[in-house]
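Following: one structure in structure tokens, then a few remarks.
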Amino acid sequence: PVNIGLESVDGKVSMNITAYTTNRVTGNMTAIDLNRHKRHWNHLERIEFPRTAKRPIVDVLIVIDCADLLYAIEEIRGRPGEPIARLTPLGWACVGNPGTASRPILQTSFSTTYFTRDISEIERLNETLKRF
């Protein structure tokens, strides 16, 4: 576990959070520059999404542990199936695939959590992972 300070781009929101760390949080998944893709969607064109870093690797995933940072202050929707712009306390984000129907941005991830009660379960799980 690590303690980190998290601040919105405009500096209006600042808080400390505790998170677990690993070498590559999302594997090969990279951050998407939404400003490059918003031109494909009329309802997203005027939104100023945060700039992506020069290094497009995702280092932190903010999930349900930090729900106060994820709630929607405002949402801008297009037609069904189109991405939704969501203003959160940290700034604008996009929910849904910002690529077009003919050129979707393909990114996948898979996550599973296992709860164990004793060391023998951990050892069995470890052996299963090694076989996998």
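Any read-out appearing in this document is the output of simple, stated calculations on the displayed coordinates, not a laboratory observation. Source: prediction; values computed, not measured. Neighbour counts are summed over all protein chains in view; Cβ atoms, including those assigned to glycine, are modelled from backbone coordinates with ideal geometry.
Could you compute the net charge surrounding Leu34? Neighbours are other residues with a C-beta less than 14 Å from the C-beta of Leu34; K and R count +1, D and E count -1.
Surrounding charge for Leu34 is +2.
Looking only at Cα atoms, what is the convex hull volume of segment 1-103 per residue, in Å³?
In segment 1-103, the Cα convex hull volume per residue is 121 Å³.
What are the equivalent ellipsoid semi-axes of segment 54-98, built from the alpha-carbon gyration tensor (square roots of five times its eigenvalues), in whole angstrom, biggest first?
20, 15, 9
Once the other residues with Cβ under 14 Å from the Cβ of Ile73 are scored (Lys, Arg +1; Asp, Glu -1), what is the net sum?
Residues close to Ile73 contribute a combined charge of -2.
Would you please put 47-53, 37-43 in order of how densely packed they are, using the mean number of other Cβ atoms within 10 angstrom per residue and starting with the highest?
Descending mean neighbour count gives 37-43, 47-53.
Counting alpha carbon pairs within less than 8 Å and at least 6 residues apart, what relative contact order, in whole percent, applies to segment 16-69?
44 percent
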